[in-house]
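J.: Structure provided below as structure tokens; questions to follow.
What follows is calculated from the coordinates using simple rules that are stated; it is not laboratory data. Since the model is a prediction, treat every value here as computed from it, not as a measurement. Neighbour counts run over all protein chains shown; Cβ positions are idealised from the backbone, glycine included.
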Amino acid sequence: MATYRITAPDGASYEITAPDDATQDQVMAYAQANYAQAGQPKQQQSAQQPGPLSQMIMGQRPTPQRSALENIGRQVGLTGRYALEGGAQILDLPGALIRSGLGAMGVQSDLPSESASKLADSLGLPKPETGLERSVAAATRGGFGAAVPAGLAAQAARGTTGATQGILSTLAANPAAQIGGGVGGGAAADAAKNAGFNELGQMAAGLAGGVAGGMVGNAAMNAAGRASEAVGRRVGLDAMPELKPKRMNDTELSAVLRNRLSITGGDWDAIPANVQKSLMTDLRKANTLDGLDARAVQRLADFRALEVTPTRGTVTLDPVQITNEKNLAKTGANSNLANIQGLAQVENANNNRLIQLLQGVERGRETDAIAAGRTLSGNIAQQRDALRAAESAAWRDARATPGYRMPMQANVLGDINAALDDAGLMPFMDSRISSYIQALQTNPDQFTPQAYRNLQSMLSNTMRAGGNEAAAAGVARDILEQARMQPAASQIFNPGGAPATARTAQQMRATDPLPGDSMSAIDRARQATRTAYGFEDSSPLVRSALSEGATADPARLAQRFIINGTPDEAAQVARNLTPEGRQVVRDALATHIKRKALGGSADEVGKVSQKALNSALSSLGPEKLGLFFSPEDIQQLQRIGRVASYTQAQPAGSAVNNSNSGALVVGKGLNALMGITSRIPLLNIDQQADALVSMGRTANALRANRGLLAPQVPEYGLLSNASRGAAMGVYLRS
């Protein structure tokens, strides 16, 4: 193309670009025709304001003259057009794919932005006419293109939860920066295009302008916020006190946090005082409670109470953050770069700390379950022996009474036989016992308290054997123990019923109180026997411990009744233990929990499994734990279980490379790269890369307190929002 300088009749000079093969006459004819069509410019036009001819020569349509009111209406209309076109252009990328598919089938269709432009035309909305208006159009479309998705994401986030809400909230974060980025990106890309830059240059200019625009938008929003606060203070409309932790004392802030945590089931008062202080310090630094995540507060409190190092991911349980942290830890563990090994070292230190805490619950010493079983068996045997000793003493006292060897009524023997017949157990009664009962029935004078005691012992011994004989003996013993024992009618031998002499009468008067005195002692002895035998048959636990079979083995007792027993069985265990015995069982349970958490590995090399740990706690249950552990110990165990689950959580939406293959490749690749760059010592590239990574993602992951407020701002905050808006502005401009 050739460039010609033309002088108009009014003395003004203009440059005209024309094809290389155009003649001078053709160029002059074109200029004269345009000049004649446009008419003589007004005399009052300044040299800086082009007239109609210059506008036409420069490829512009002459600008119509409008009133101020018309210009206002026009700007409103232009804004409406830009809103339609900018909002629709974000759908052009998927729309282009759809149009290509339809085109392949012979169906013609418009892009969403083309449809929006046609809609604006049908509504009579004005179009940009001047270069300035076109530049404003590019910037405004970029702003609307960033604002629309941010607004839609904010609305959608209100109706979602979990990872979806986190992603949508991130897309809606810092709208001022996004809109500013869109405006700056669109304007800068348009300016670069008008200046003749290629596509790459336009993109670079757009991104640079977008970042700058985002910063301006963010600064404007902050300034507006400060200004509104200042105005509010002047007119007495200050922000709500609970949203300004810096202005609240500890009592006021604690009251707010207590209420916030109670809504989600948390307990502010259960948090140690020193941890409460540290949390309030964090919130005062942020100086806001708007968007406070009460569950994140509770998680961070658990970490600090146990002195375990939290990360941002373990506090927020955000799947993307957890994925980044876990994969970075694996990469660091496979790399020689010290500064990206930080998260791997934190995971190791946290595991060691959890083991140390479990050791603290078991009070620094391991107690095997078999030791608890032996203690339980020994305590039960001690109770049996004490009751048996009391029983023997009571019978000794009874034997010492003068009427101990006097006959007693033998009606109970018939009652025993009748009960055995009714139960169908007579054939199963031990033959020796049957013979003894028969002999006593034949000679009732021989049924003395001593005979009663002998029969009772025979029945008890038979019951230990088990089976039908034991069942028959049990029926007989119950009848014997429940019967009311009375002395026989006469204690003086008087064959033939001869008249009593004075001497006989005196003997009868002397022996009258003897049966009563003896029976009182015998009744006390019988009660002692019932108590002893009642204890020995009181529960499956006692019967197992006192049996002579395999069930009495201490290891079996521990597993059956202590580790795997029901809450009721655990309560029986607790009732049959001395205070010292309870402590042994408590320590054995603590060791059991720790060993389950470590999968049986030694403390020095074990790795805590949150699944196994929490499964052990759940299996024991709070009711059983409460029988042997203090409330503080139970709270500590539950807190350890929660923190272990936080440190190992991989929620839905996370993509942790558990196979370690990707981390191995990246880690070894970094080693190779550093091996090459380390040979250029003047550049120190390896050290710079090491430091850069350390100051970036690793350091960010360890800023756990930033996870207290939701929704989360992306890792690089303002720049990421600004660049996203910039990219939208560049895309819409292109």
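J.: Quick query: amide H of Leu292 versus all other amide H atoms, modeled in the peptide plane; which residues come in under 5 Å with a sequence gap of 5 or more or a different chain?
T.: Ala710
J.: Compute the signed sum of charges (Lys and Arg +1, Asp and Glu -1) over the other residues within less than 12 Å, Cβ to Cβ, of Val608.
T.: +4
J.: Once you sort the root eigenvalues of the Cα gyration tensor of the stretch 308-406 as a ≥ b ≥ c, which label holds: rounded (a/c under 1.5), prolate (a/b larger than b/c) or oblate (the other case)?
T.: Judged from the Cα gyration tensor, the stretch 308-406 comes out prolate (a/c at least 1.5, a/b above b/c).
J.: Would you mind putting 584-592, 379-387 in packing order, based on average other-beta-carbon counts within 10 Å, highest first?
T.: 584-592, 379-387
J.: At 7 Å along Cα-to-Cβ for each site, give me the label-to-label distance between Asn468 and Leu132 in nm.
T.: Spacing of the two 7 Å Cα→Cβ label points: 11.7 nm.
J.: How long is the gain from Asp568 to Ser457 if the chain were fully straight, where each residue apart is worth 0.36 nm and the alpha carbon distance is subtracted?
T.: Extending this stretch completely gives an extra 36.8 nm.
J.: On to the next question. Packing-wise, with mean Cβ within 10 Å as the measure, how do 341-349, 255-263 rank, highest first?
T.: 341-349, 255-263
J.: Sort Leu132, Leu102, Leu627 so the one with the fewest other Cβ atoms within 10 Å of its own Cβ comes first.
T.: Fewest-to-most Cβ neighbours within 10 Å comes out as Leu132, Leu102, Leu627.
J.: Counting other C-beta atoms within 10 Å, which of Thr551, Thr23 has the fewest, and how do the rest follow?
T.: Going from least to most buried by this count: Thr23, Thr551.
J.: Ok, one more. Grab the Cα-Cα distance for Gln345 and Asp267, subtract it from 0.36 nm times how many residues apart they are, and report the gain in nm with one decimal.
T.: Result: 24.9 nm gained on full extension.
J.: Find how many whole Å separate the alpha carbon centroid of the stretch 280-303 from the alpha carbon centroid of the stretch 440-487.
T.: 74
J.: On to the next question. What pairs from Lys246/Lys277; Lys285/Lys607; Lys326/Lys611; Lys277/Lys594; Lys285/Lys326 go past 24 Å between their alpha carbons?
T.: Pairs exceeding 24 Å: Lys285/Lys607; Lys277/Lys594; Lys285/Lys326.
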